[in-house]
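*Asks:* One structure, pasted below without further comment.
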Amino acid sequence: MGRIVVITGGTSGIGLGLKELFEKNGDTVITFSTRELDDVNHYSGSVSHEIKVRQVFNDIHERYGKIDMLINCAGIGMSAITEYAPLEDINNVMDVNFYGTLYCCRAALGYMDAGSRIVNISSAMALYPVPFRSIYGASKAAILNLSMGLRMELLSAGIDVTAICPGDTKTNFTANRIKDYTSSERYGERLATATESSDARENKRMPVEKVAENIYKLINKKKTKPFYIVGGKYKFLYFLTRLTPKSMLINKTAKKLGGVMERPVSKKQKQAKSEVVAEAKVDEVVEAKPLQNEPEDVKVEESAPVVAETENKETSGVKENSVEVAEAKSVDSTDEEESEGKSADNADEEKSEEKPSAEEEKKSTLNSLLSKITIVNKKDDESKED
């Protein structure tokens, strides 16, 4: 007779695949699950009930006298928002996955000698958690830590303990896991979106036959490691987790598997943002800078018509007075005209040097215009006499 191998959850999925492989090699396999089967080597019940577990392992010992290998495959999945997940479902997951593994290990160890082996099926999710499956991931992480602790405790007894962390496997596990879609405005439809995305990858999961074959080879090694990862992709991901900062890893995982790419903006944040934008637009109009190279005396244009009108009035008055003076005076010689012109020019230069006031400057301008008009009129008279 070959080895006595006990497999919990050995009637479906990975457990069933392992059962078939062990039986092919001449080992006696006893299964323990919630299914009802007409098989003398099958026990029906839940691993979450400690008394039932004790009864099963006592009966196995009475029938076969020993237990060479225990493989804890029994487990249940869960997808839910941690805040709203029913406590009953949480307790169920922890009872089956963690406490069920613990109960079976404790019960089997009483009938195991040196050279025996315990294999606990954990999950790749124990190494890198996923949103909305935190309860399931926590239960599998607990199994991983339990296995490594037991390995150290049983090292001197010669009983080997190892944990297996497989990635996504194509079984009925996904369809049978607990799903609670209770949500709120805080989460929206993220859970439903993430779950649908995960279920849509069912055909891309590893075939259960290959996973079972891989695990079979690992757990039959003469010397095992504390834990194994099954699946090349998951080994690579684990390698990245050891190099990537945890904050970056968590953010990337949340964006990829969390059902949403960006964090929602609250109503207060939207209102505050709109007020800031409106205020900025007002400031842009009020504090607009002048154009470069703009003339400094642009505003003179407003008073230009008034100045022009004043100059026209003053010029017209000068013309009328100059004509009357020109007619009253007799015609003098050209030398006298030039002397008068020079004396007028000298007077203008002296006044400009003294920096005359506005009224004096105005009178000077009028006198200069008067003298010039007088000279022009005289030249016209001379030309007429010639």
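*Asks:* Accessible area, 1.4 Å probe, largest first: how do PHE98, PHE32 sort?
*Replies:* Highest to lowest solvent-accessible surface, that is PHE98, PHE32.
*Asks:* Can I ask one more? How far, in nm, would the chain grow between THR82 and LYS233 when pulled straight, counting 0.36 nm per residue and subtracting the alpha carbon separation?
*Replies:* 51.6 nm
*Asks:* Please label the shape of region 124-204 as rounded, prolate or oblate, based on the square roots a ≥ b ≥ c of the eigenvalues of the alpha-carbon gyration tensor (a/c under 1.5 means rounded; beyond that, a/b larger than b/c means prolate, else oblate).
*Replies:* Note, shape of region 124-204 comes out prolate.
*Asks:* Ignoring ligands, DNA and RNA, please state the percent of accessible area on region 34-104 from carbon and sulfur, probe 1.4 Å.
*Replies:* Ligands and nucleic acids excluded, carbon and sulfur reach 47 percent.
*Asks:* In addition: Which shape class, rounded, prolate or oblate, goes with region 27-157 when its Cα gyration tensor gives a ≥ b ≥ c as root eigenvalues, a/c under 1.5 marks rounded, and past that a/b bigger than b/c marks prolate?
*Replies:* Since a/c reaches 1.5 but b/c is at least a/b, the shape of region 27-157 is classed as oblate.
*Asks:* Next up: If you take the square roots of the eigenvalues of the alpha-carbon gyration tensor of region 202-253 and sort them as a ≥ b ≥ c, do you get rounded (a/c under 1.5), prolate (a/b over b/c) or oblate?
*Replies:* It is oblate, given that a/c is not under 1.5 and a/b is not larger than b/c.
*Asks:* Something else now. Obtain the nm distance between the two label points defined at HIS49 and SER184 by a simple spin-label model: each point lies 7 Å from its Cα along the Cα-to-C-beta direction.
*Replies:* Once both label points are built, they end up 3.7 nm from each other.
*Asks:* Okay, moving on. Given a 1.4 angstrom probe, what's the average accessible area per residue across region 144-238, in square angstrom?
*Replies:* I get 59 Å² per residue for this part.
*Asks:* How large, in percent, is the carbon and sulfur part of the accessible surface of region 160-261 at a probe radius of 1.4 Å?
*Replies:* Carbon plus sulfur share of accessible area: 56 percent.
*Asks:* Using packing as a proxy for protection, rank 15-28, 129-142 so that the peptide with the highest average count of other Cβ atoms within 10 Å comes first.
*Replies:* 129-142, 15-28
*Asks:* Okay, moving on. Need one number: nm distance between label points at LYS217 and THR244, each 7 Å from Cα along Cα→Cβ, rounded to one decimal.
*Replies:* Simple spin-label model gives 2.7 nm for this pair.
*Asks:* Keeping all protein chains in the complex and leaving out DNA, RNA and ligands, what accessible area do you get for MET152 with a 1.4 Å probe, in Å² to the nearest 10?
*Replies:* We get 140 Å² for MET152.
*Asks:* If I stretch the segment between GLU209 and LYS255 completely, what's the gain in nm (0.36 nm per residue apart, minus their alpha carbon distance), one decimal?
*Replies:* Full-extension gain reported as 13.4 nm.
The values are calculated or read from the model by the stated rules, or taken from the named source; none is laboratory data. Predicted model, so just to flag it, every value in this text is computed and none were measured. Here the Cβ is made from the backbone with ideal geometry for all residues, glycine too, and neighbour counts use every protein chain on show. With ligands, DNA and RNA removed, areas are computed over all heavy atoms of the protein, side chains included. Shrake-Rupley method; radii C 1.70, N 1.55, O 1.52, S 1.80 Å.
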